[in-house]
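**Student:** Mind looking over this structure? Questions follow.
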Amino acid sequence: MTMSFVTRAVAVLALSVLPVLSAGAQQSGTVRSTHGAWSILCDTPAGASGEQCAMMQNVVAEDRPEMGLSVVVLRTADGKAEILRVLAPLGVLLPNGLGLNVDGKDIGRAYFVRCFQDGCYAEVILEEQLVTTLKTGEAATFIVFQTPEEGIGIPVDLNGFGEGFDALPK
């Protein structure tokens, strides 16, 4: 069964960037650029010495509006690593983690690291091989679980991922 999905408006991206960047801060970001399905949003969090930017895409299932994800790529403050961070809604089964499939190939799982009132975060360091896979892939599917047996696949469009990743400020 193929599920249909919609990308939320840029306004939703702007409202949700800083909870992802600074774990729950209630601020808004500015859209710096758009690359295919991805937007780069920037803001200066309270107490930060400089602006922080993140590339992100929000997706939600049309037939399951409670199942939406914010997928974010950001550079660490020291500029030495990139992180893939995904915000899933409350109510997902945490021990199963978040599965990732790119163009039909199982990539692995990321485990949830923390939950806040806006949802639960899974994150991984983006190693070169995964970046290459995401840059050259056409479609990713993130899989969340509501029960041990029920995985819900949420497609994420990889169109523009490479261009956006390369445009992230260093």
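The values are calculated or read from the model by the stated rules, or taken from the named source; none is laboratory data. It should be emphasised that the depicted structure is a prediction, and the values quoted were computed from it without experimental measurement. We place every Cβ from the backbone using ideal geometry, glycine too, and count neighbours over all the protein chains shown.
**Student:** Looking at P95, P65, which one is assigned to a loop (DSSP other than H, G, I, E, B), at pLDDT below 95, more than 12 Å from V144 (Cα to Cα) and of a type outside the set (D, E, K, R)?
**Tutor:** Sole residue among the options that is assigned to a loop (DSSP other than H, G, I, E, B), at pLDDT below 95, more than 12 Å from V144 (Cα to Cα) and of a type outside the set (D, E, K, R): P65.
**Student:** Also: If you go through region 119-158 one residue at a time, how many are in a loop (DSSP other than H, G, I, E, B) and under 14 Å from the mean Cα position of the chain (by Cα)?
**Tutor:** Residues flagged as in a loop (DSSP other than H, G, I, E, B) and under 14 Å from the mean Cα position of the chain (by Cα) within region 119-158 amount to 2.
**Student:** Any residue in region 102-124 that's free of Cβ contacts under 8 Å to residues at least 12 places away in the same chain and farther than 14 Å from L69 by Cα: show its pairings with residues that are surrounded by 12 or more Cβ atoms within 10 Å (Cβ to Cβ) and among the hydroxyl-bearing types (S, T, Y) at Cβ separation under 6 Å, as long as the two are six or more apart or on different chains.
**Tutor:** V113/Y121
**Student:** Pairs please, first residue from region 58-80 and surrounded by fewer than 18 Cβ atoms within 10 Å (Cβ to Cβ), second anywhere and among the aromatic types (F, W, Y) and in a strand (DSSP E or B), Cβ atoms under 7 Å, 6+ apart in sequence or on different chains.
**Tutor:** E62/F5
**Student:** If N159 passes every condition in (1) closer than 25 Å to Q52 by Cβ; (2) of a type in the set (S, T, N, Q); (3) surrounded by 17 or more Cβ atoms within 10 Å (Cβ to Cβ) but one, which one does it miss?
**Tutor:** The one condition N159 does not meet is (3).
**Student:** Report, by residue number, each residue of region 52-84 that is more than 10 Å from the chain's Cα centre (by Cα) and either closer than 16 Å to G119 by Cβ or acidic (D, E) (or both). Spell out the reasoning first.
**Tutor:** Initially, region 52-84 is screened for residues more than 10 Å from the chain's Cα centre (by Cα), giving 52-53, 60-68, 75-82.
V60, A61, E62, D63, R64, P65, E66, M67, G68, D78, E82 - these are the residues of region 52-84 that are more than 10 Å from the chain's Cα centre (by Cα) and either closer than 16 Å to G119 by Cβ or acidic (D, E) (or both).
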